[in-house]
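A short write-up of the structure that comes next.
The values are calculated or read from the model by the stated rules, or taken from the named source; none is laboratory data. All values derive from a computational prediction rather than experimental measurement. Cβ placement follows ideal geometry from the backbone for every residue including glycine, while neighbour counts extend to all protein chains displayed. The protein model used for the area step is the full one, side chains on, heavy atoms only, and it has no ligands, DNA or RNA in it. Shrake-Rupley method; radii C 1.70, N 1.55, O 1.52, S 1.80 Å.
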Amino acid sequence: MSGDNFVHPVNVTWADCDPARIAYTARLPYFALDAINAWWEAHLDGDGWFQMEIDRNVGTPFVNMSMDFRSPVTPRHKLLCETYPTRLGDKSITFAVKGRQNDVLCFEGRFTCVFIIADQFKSQSAPAEFRAVIEPRLRAE
């Protein structure tokens, strides 16, 4: 395990909110997925999902997402999404994302995706170059 503490800031705006003045429920998974993409970019030399798919021929479609909502997300404060891998299987990876505003836990989620050969949409083992990036950053939840 490493001390890697990756936090992706999200600017929540009025357009993200519903009439109750809190973020639409559907925006929270969007914020979490944006944070996971940012984690890849930060750890794969700037390559996020687009570059992984197009340039590296590695896709990572999601097979499971679960989220617990703890406190409303509003435009009042920056949403800070702590993001880290918690499990690396032979063909899958699970990320945790914890969204906080003003030091209050707003949501936490687990997101599992599988590695595929992108142009064939066929499962594959996690590529060695990805394992080298992920393994030292694995953290328990």
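Measuring with a 1.4 angstrom probe and ignoring ligands and nucleic acids, Tyr84 comes out at about 10 Å² accessible.
Within the same chain, lysines fewer than 8 places from Lys78 are excluded, and of the rest, those with a Cα less than 19 Å from its Cα are Lys98. If the cut-off is a Cα-Cα distance under 17 Å, which aspartates and glutamates reach Lys91, setting aside same-chain residues fewer than 8 apart in sequence? Partners within reach: Glu53, Asp119, Glu129, Glu135. Element breakdown for the chain at a 1.4 angstrom probe: carbon and sulfur atoms account for 50% of the accessible area. On the beta carbon distance between Arg21 and Leu105, with R0 = 22 Å, the FRET formula returns roughly 0.65. Accessible area per residue for the chain is 53 Å², calculated with a 1.4 Å probe on protein heavy atoms, without ligands, DNA or RNA.
Here the gap between Arg139 and Phe6, fully extended at 0.36 nm per residue and compared with their Cα-Cα distance, gives a gain of 46.7 nm. Modelled this way, with points 7 Å down the Cα-to-C-beta line, the labels at Ser66 and Thr86 are 0.8 nm from one another.
One entry in [x] 48, 35, 31; [y] 44, 32, 25; [z] 45, 36, 25 is Cα extents along the principal axes in Å calculated from the shown coordinates; its label is [y].
Rounded to the nearest 10 degrees, the inclination of helix 27-43 to the longest alpha-carbon principal axis of the chain is 40 degrees.
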